[in-house]
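Student: First the structure, then my questions, so here it is.
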Amino acid sequence: MNFLKIKKKIYFLKFILFSIFKIDVIKSAYKVYFFKNYSDTTFKFYVIGKYGYKYWNHILNVNYPFQFIDIGSNQGLYAIGASKNENCRKSYAFEPILDTFHLLKKNLKLNKIFKCEAYNLGISNSDGFTNMDYDPYHSGAASIASNNSYKSTQISIINHSKLNEMIDDKIPILIKIDVEGHEFVVINEILKTKFTNNIKEIYFEMDERWASYDNIIKLLSSNGFTKFEKSKENSIHYDVLAYR
């Protein structure tokens, strides 16, 4: 058994123990602290290191000044990780589900992250309100794009025009997107912004049951992205890191 599998088992046992005693704060496998949310699958994945370390180590080790935009930030893992990098000048976390947003804000403060601006907003191709489906026991499954049997809530959304008012267009930008099937719309929207030429890379979750990989790659290629790294080959669910 390799080291990462052993580490995951140790943190899984820690998760079980802390959940039994309902301990308020837990240190995750990523060395980030989180407020308790034991009934949530995403929180469990944070604690045990289920999301892996390739992208995590990548954002911790960016060696030039950058900004980080986390779209679908959830409880803040990647926004916190990027902000811990001393080369990160500023970060922005967008989380549209209100209860999850409250945890995001608490976790930023808990980890002494003061360079991150958090917004209770989703990104889409209009400015106003829309419905979002969500699973009370898996915050990471919330989606504008889905039409499932989960609960639904109204959220606030903004488009590229509003983003232009928020984001500094003079510093290189790294973007992480986790929007459960709404990737094409979000990527298309951020490529319309005034800061689009300063975007150095986009990391996004891909599930071919919800979106077309070929359409997204075509869109990115037509906007100057030339390198695409998949986290898994021969799979319908994976992450992609797109570079210029």
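The values are calculated or read from the model by the stated rules, or taken from the named source; none is laboratory data. Note that the structure is predicted; figures quoted are calculated from it, not measured. Glycine also receives a Cβ, built like all others from the backbone with ideal geometry; neighbour counts cover every protein chain displayed. For the accessible areas, the whole protein counts, side chains as well, though only heavy atoms, and no ligand, DNA or RNA atoms are used. Shrake-Rupley method; radii C 1.70, N 1.55, O 1.52, S 1.80 Å.
Student: Please work out how much accessible surface Ile16 shows to a 1.4 Å probe, ignoring ligands, DNA and RNA, in Å² rounded to 10.
Tutor: The accessible area comes out at roughly 70 Å².
Student: How much accessible surface does Val25 have with a 1.4 Å probe, in Å² rounded to 10?
Tutor: Its heavy atoms expose roughly 50 Å² to the probe.
Student: In the range 1-117, what percent of the accessible surface is made up of carbon and sulfur (1.4 Å probe, ligands and nucleic acids excluded)?
Tutor: Looking at the range 1-117 in its full context, I get 60 percent from C and S.
Student: Another question, then. Got a sec? What order do Leu163, Leu60 fall in by accessible area at 1.4 Å, biggest, i.e. largest, first?
Tutor: The ranking, largest first, comes out as Leu60, Leu163.
Student: Okay, moving on. Could you compute the longest span of the chain free of chymotrypsin sites (Phe, Trp or Tyr not before Pro) located in DSSP loops and having at most 10 other Cβ atoms within 10 Å, not counting the site residues?
Tutor: In short, 115-244.
Student: At 1.4 Å probe size, with no ligands or nucleic acids counted, give the accessible surface of His138 in Å², nearest ten.
Tutor: 50 Å²
Student: Cβ under 13 Å from Phe225's Cβ, Phe225 left aside: what net charge do those residues give with Lys, Arg +1 and Asp, Glu -1?
Tutor: Here the count lands on +2.
Student: For the range 64-215, with only Lys/Arg (+1) and Asp/Glu (-1) charged at the beta-carbon, what is the dipole magnitude about the Cα centre, in debye rounded to 20?
Tutor: Taking the Cα centre of the range 64-215 as origin, the dipole is about 740 debye.
Student: In percent, what relative contact order does the chain have, based on Cα pairs under 8 Å that are 6 or more apart in sequence?
Tutor: It rounds to 14 percent for the chain.
Student: Carbon-plus-sulfur fraction of the accessible area of the range 129-213, 1.4 Å probe, in percent?
Tutor: Carbon-and-sulfur percentage of accessible area, whole number: 43.
Student: Oh, and also: Just reorder Glu117, Glu180, Glu86 by solvent-accessible area, largest first, 1.4 Å probe, all chains present.
Tutor: From most exposed to least exposed: Glu86, Glu117, Glu180.
Student: If you take every DSSP beta bridge whose two residues both sit in the range 15-124, what share of them, in percent to the nearest 5, is antiparallel?
Tutor: DSSP beta bridges in the range 15-124 are roughly 25 percent antiparallel.
Student: Between the range 97-138 and the range 160-211, what is the C-alpha centre distance in whole Å?
Tutor: Using only Cα atoms, the two centres lie 16 Å from each other.
Student: Same structure, new question: Given (1) 50, 41, 40; (2) 74, 49, 25; (3) 62, 36, 36, which label gives Cα extents along the principal axes in Å as computed from the coordinates?
Tutor: For Cα extents along the principal axes in Å, the calculated option is (1).
Student: Hey, what's the range 109-159 come to in accessible area per residue, 1.4 Å probe, Å²?
Tutor: With all protein chains present, the range 109-159 gives 56 Å² per residue.
Student: Count charges around Phe21 for me, please; just the other residues with Cβ under 14 Å from its Cβ, Lys/Arg as +1, Asp/Glu as -1.
Tutor: +2
Student: Can you give the local net charge around Gly52? Use residues other than it whose beta-carbon is closer than 11 angstrom to its beta-carbon, Lys and Arg +1, Asp and Glu -1.
Tutor: +3
Student: Whenever you get a sec, line up Ser139, Ser73, Ser126 from highest to lowest accessible area (probe 1.4 Å, protein heavy atoms).
Tutor: Ser126, Ser139, Ser73
Student: log10 I(q)/I(0), Debye, Cα-only the range 62-159, no solvent, q = 0.17, 0.18 Å⁻¹?
Tutor: With one equal scatterer per Cα and no solvent, log10 I(q)/I(0) is -0.73, -0.80.
Student: Give me the extension gain from Tyr243 to Phe12: residue separation times 0.36 nm, minus the current Cα-Cα distance, reported in nm with one decimal.
Tutor: Once the chain is fully extended between Tyr243 and Phe12, it gains 79.8 nm.
Student: A further question on this structure: Return a whole-number percent for the relative contact order of the range 1-77, with Cα pairs under 8 Å and 6 or more residues apart as the contact set.
Tutor: Across the range 1-77, relative contact order equals 27 percent.
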